[in-house]
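See structure below.
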Amino acid sequence: MSSEQAVKDIVTSVENTTLAGEAAEQIVDPWNVQGAIVDGKQLGIDYDRLIEAFGTRKIDEATLERLETLTGRKPHPLLRRGIFFSHRELNRILDRYEQKKPFYLYTGRGPSSDSMHMGHMIPFLFCQYLQEVFDCPLVVQLTDDEKFLFKQNLKLEECIQFSRQNAKDIIACGFNPDKTFIFSNLQHVGGAFYHNVVRISRCITYSQSKSTFGFNDSDNVGKSHFVSIQAAPSFSNTFPAIFGDRSDIPCLIPCAIDQDPYFRLTRDVAHKLKYPKPALIHAKFFPALQGPGTKMSASVDSSAIFMTDTAAQIKNKINRHAFSGGGATLELHREHGGNPDEDIPFQYLSFFLDDDEEIAALDKAYRAGTLSTGDLKKRCIEVLQKFVGDFQARKAAVTDEILDHYMTPRSMGVDLSAK
């Protein structure tokens with residue numbers, strides 16, 4: 001099956017509307033995420049269906065056990081709880097780690113505002129763990145060019161400024177300053193990087209880009225070309241300061257599953273260019289406050305907890321806007337229990353509360369009806385307030401000098417003799 005057809009199979013729109021109720025397929029693409037609608041009710045994302053449609057592999061217990069054996073570290077909570085749930089050739093990266101051969105991590109951020117929200121934290125928290133356990137380089141692409149191309153209301157100068165602010169957010173996640181390179185496309189692309197952009201561009205037709213991403217004739221040409229720019233960091237010779245002229249060092253890309261279409265094309269191109277295909281590890285979506293079939297958005301303030309929010313704002317947003325899986329009344333909740341799978345405060349705790357035993361206890365008590373919606377929200381508020389408060393303190397310590405260090409191309413001590 002071609003990359004384009006696989007994406008078409010899952011990127012679908014409303015199919016049926018009836019007087020009795022609405023029915024619609026789930027929508028998952030790099031710009032839209034929405035659960036299916038059945039009888040007028042929005043459902044959560046069907047991740048098993050995404051695995052089948054995209055042709056990825058589920059992360060199984062054997063892979064988690066191998067990761068723990070190789071690194072000597074218990075897998076991250078986001079892995080243990082199945083939030084990072086799918087992969088492409090993760091075991092090939094584990095093979096290289098076992099063989100002491102070099103590889104690197106690649107992730108990115110599209111800076112559309114001066115503040116990131118909690119959903120944006122997920123790949124970076126996970127990358128920080130991976131960098132720590134693997135002791136490997138990380139490159140972070142800030143796609144300020146993409147945001148300018150896709151958001152008509154943004155000025156170029158705003159996108160550049162958002163990049164620097166978002167880079168400080170990323171640094172505050174605790175990355176190794178000696179093994180992390182953060183770059184703005186608008187400021188960095190050129191030289192070896194642009195050489196790969198051109199090589200990639202020649203391998204992707206306009207028809208492929210259009211059919212994979214759903215562009216139409218009114219879209220600007222930059223949108224269809226952008227896949228070449230996002231693909232370039234997947235190849236080690238894009239970064240000569242780190243890897244010299246080596247083009248055979250693979251990368252692992254942690255990302256949300258909606259970014260997979262970009263890298264399906266990238267993997268096709270890698271074969272044509274005789275580069276190693278990037279490996280991927282996919283995350284589930286961090287839901288908006290409104291419910292499990294959604295994705296948190298920076299453009300809708302009431303849908304998101306921002307990393308600049310005060311403790312009072314966090315409390316207000318959870319209490320007023322967070323979708324509850326509890327009973328309609330306290331009596332009904334005590335009688336029938338709640339559904340943590342639909343409850344947004346519980347879902348947020350599953351992302352940010354490290355204690356597995358407490359998560360299991362909250363799940364059991366909520367289903368039994370002995371834990372109220374109010375008490376569950378209270379615990380969620382406590383955890384999020386601490387996480388955001390600690391983050392804000394770390395970000396405040398990131399000076400312009402520190403930022404410039406992370407954003408300067410440089411050697412990272414990679415052993416280039418290992419093949």
If DNA, RNA and ligands are ignored and the probe is 1.4 Å, what is the ranking of Thr107, Thr408 by accessible area, most exposed first? Thr408, Thr107
When the solvent-accessible surface of protein heavy atoms is calculated with a 1.4 angstrom probe, in what order do Ile160, Ile318 fall, highest first? Ile160, Ile318
With a cut-off of 8 Å between alpha carbons and a minimum separation of six or more residues, what is the relative contact order of the chain in percent? 18
I'd like the orientation of helix 156-171 relative to the chain: the angle between its Cα long axis and the longest Cα principal axis, in ° from 0 to 90, rounded to 10. 70
List, in order, the whole-Hz ³J(HN,Hα) value for each residue of the range 266-282 obtained from phi through the Karplus relation with A = 6.51, B = -1.76, C = 1.60 and θ = phi - 60°; use x for Gly and Pro. 4, 5, 4, 5, 4, 4, 5, 8, 6, 9, x, 5, x, 8, 10, 9, 9
His321 accessible area, nearest 10 Å², 1.4 Å probe? 60
For the range 97-113, what does the Karplus curve 6.51 cos²θ - 1.76 cosθ + 1.60, with θ = phi - 60°, yield as ³J(HN,Hα) per residue in whole Hz, taken in order and with x for Gly and Pro? 4, 5, 8, 6, 9, x, 7, 9, 9, 9, 9, x, 8, x, x, 9, 8
Can you list residues whose amide H is under 5 Å from Gly108's amide H, if they're 5+ apart or on another chain and H is modeled 1.01 Å from N? Gln141
Going from most exposed to least, what order do Lys386, Lys147 have by accessible area with a 1.4 Å probe? Lys386, Lys147
As I understand it, the value is the acute angle between the Cα axis of helix 221-231 and the longest principal axis of the Cα atoms of the chain; what does it come to in degrees, rounded to 10? 80
Ratio of the Cα radius of gyration of the range 282-367 to 2.2 N^0.38 Å, where N counts its residues: 1.13
Pick from Phe134, Phe286, Phe183: which residue has the top mean-square fluctuation in a GNM of the chain where Cα pairs under 10 Å get a spring? Phe134
The range 70-129 versus the range 360-386: alpha-carbon centroid distance in Å: 27
Could you tell me which label, among [x] 30.5, 90; [y] 21.5, 68; [z] 20.1, 56, carries the value of Rg and Dmax of the Cα atoms in Å calculated for this structure? [y]
Please work out the average accessible area per residue across the chain, using the 1.4 Å probe convention, and give it in Å². 44
At a probe size of 1.4 Å, how large is the accessible area of Lys155, to the nearest 10 Å²? 140
Cα-centre dipole for the chain with unit charges at Cβ (Lys and Arg positive, Asp and Glu negative), debye to 20: 900
Rounded to the nearest 500, what is the chain's calculated 222 nm mean residue ellipticity when only DSSP H runs of at least 4 contribute -39500 (n - 2.57) each, over all residues? -14500 deg cm²/dmol
Among Asp375, Asp114, Asp217, the residue with the largest mean-square fluctuation in a Gaussian network model of the chain built from Cα contacts under 10 Å is Asp217
Collect residues whose amide H, placed 1.01 Å from N in the peptide plane, falls under 5 Å from the amide H of Ala256; neighbours closer than 5 in sequence don't count. Ala283
Estimated vicinal HN-Hα couplings, Hz - the range 371-381 in sequence order (Karplus 6.51, -1.76, 1.60; Gly, Pro = x): 10, 7, 4, x, 5, 5, 4, 4, 5, 4, 4
Rounded D (µm²/s) - the range 229-295, Kirkwood Rh over Cα pairs, Stokes-Einstein at 4 °C, 1.567 mPa s: 98
Collect residues whose amide H, placed 1.01 Å from N in the peptide plane, falls under 5 Å from the amide H of Ser86; neighbours closer than 5 in sequence don't count. Ile59, His282
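The values are calculated or read from the model by the stated rules, or taken from the named source; none is laboratory data. Model, not experiment: these values are computed from the prediction. Cβ sites come from the backbone with ideal geometry, for glycine too, and all protein chains shown count toward neighbours. Quick note on the areas: whole protein, heavy atoms, side chains included, nothing else; ligands and nucleic acids left out. Shrake-Rupley method; radii C 1.70, N 1.55, O 1.52, S 1.80 Å.
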